[in-house]
Amino acid sequence: MADLSPAVLRPDAPGPRPFRVQRGPASGPLAAVVDNLWCVQWALPAGRTYEQHVVTDPCGHLTVEDGLAWVRGVVGHRFRRRLVGAGRAVGAKLRPGGLSALTDVPPASLVDRRVPATEVLGDVADLVGAVDEAPDAGAAMAAFGRWLADRDPRPRDGAELVDQAVELATRDRELTRVDELAAALGVPVRTLQRRFDRHLGVGPKWVLNRCRIQDALAAIEAGGTVDWADLAVRLGYADQSHFVNSFTALVGVPPDRYRRRSSGG
């Protein structure tokens with residue numbers, strides 16, 4: 001297993017994860033639109049299945065899997081992926097404002113949806129062919145990056161503010177309210193909300209809530225005893241019960257029960 005973030009949730013049962021994740025940075029002008037390129041490969045014995053849950057970042061993805069290309073918007077719930085047999089998925093994790101660089105389709109219409117890329121980007125047969133023909137993960141990610149670079153996507157006006165806001169919300173655990181985030185960026189709240197709607201599809205309040213849950217997951221992965229009441233206060237929740245309810249709604253189990261799970265291998 002390689003390069004797992006705390007947002008790749010611990011499995012329900014102990015044991016090694018049957019997949020491998022590899023990531024590589026986007027280079028040159030493409031880095032203004034794409035956060036990274038990634039590849040997930042898995043192999044399971046006949047008759048066995050595995051379901052992985054992820055608390056995703058606030059962004060969209062362009063992927064190639066099962067012989068097709070897909071565009072996925074922001075995932076508002078806990079993302080689930082069921083693995084069977086052997087396979088590979090290759091994709092580009094977009095920057096928060098990256099969807100609007102690739103398509104005029106409103107990002108809000110893609111929230112919690114995965115749609116064929118042909119519906120959003122037009123003909124992508126050359127992308128699918130190049131990725132599927134690549135002999136390994138590195139070559140597949142490189143082919144994906146070249147295809148994107150050839151399209152020369154450029155950030156739209158206002159997308160940079162969304163990228164900056166998400167980066168700040170991710171980095172600064174003291175930020176828990178939209179007015180605080182807007183003030184830190186030097187813009188009115190309404191301007192920030194409009195930019196998020198135009199380029200990401202979810203609002204800044206949603207992003208702040210997601211970032212704080214990811215902070216809680218990171219605290220759990222850091223190990224040791226966790227004072228849930230103290231953590232709830234530090235993450236800006238009104239009280240411990242509010243934090244526990246938010247965590248449980250997204251992760252699926254209360255934080256202390258999740259902490260007792262094996263982290264897998």
| query | Using θ = phi - 60° and the Karplus form 6.51 cos²θ - 1.76 cosθ + 1.60, what ³J(HN,Hα) does each residue of the stretch 99-110 get, whole Hz, x for Gly and Pro? | reply | 4, 5, 6, 9, 8, 8, 5, x, x, 4, 6, 9
| Most fluctuating residue given options ALA89, ALA159, ALA139, as computed from a GNM of the chain linking Cα atoms under 10 Å | ALA139
| note | Per DSSP, the loop-located trypsin sites (Lys or Arg not before Pro) within the stretch 9-72 having at most 12 other beta carbons within 10 Å are ARG48
| note | Scoring only Lys, Arg, Asp and Glu (+1, +1, -1, -1) among other residues with Cβ under 11 Å from the Cβ of THR176 yields 0
| remark: Asserting the computed 222 nm helical MRE of the chain (DSSP H runs at least 4 long, -39500 (n - 2.57) per run, divided by residue count, to nearest 500) equals -11500 deg cm²/dmol
| When only DSSP loop residues count, what trypsin sites (Lys or Arg not before Pro) in the stretch 192-265 have their Cβ near at most 11 other Cβ atoms within 10 Å? | ARG260
| Once amide H atoms are placed 1.01 Å from N in the peptide plane, what residues at a sequence separation of 5 or more from ARG17, or on another chain, have their amide H within under 5 Å of its amide H? | GLY265
| For the chain, what are the DSSP H helices with axial Cα length of 30 Å or more and mean Kyte-Doolittle hydropathy of at least 1.0? | none
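Just so you know, all these numbers are worked out from the coordinates, no wet-lab data involved. All of these numbers come straight from a predicted model, not from anything done at the bench. A quick note on method: Cβ atoms are made from the backbone with ideal geometry, for glycine too, and the neighbour counts reach across all protein chains shown.
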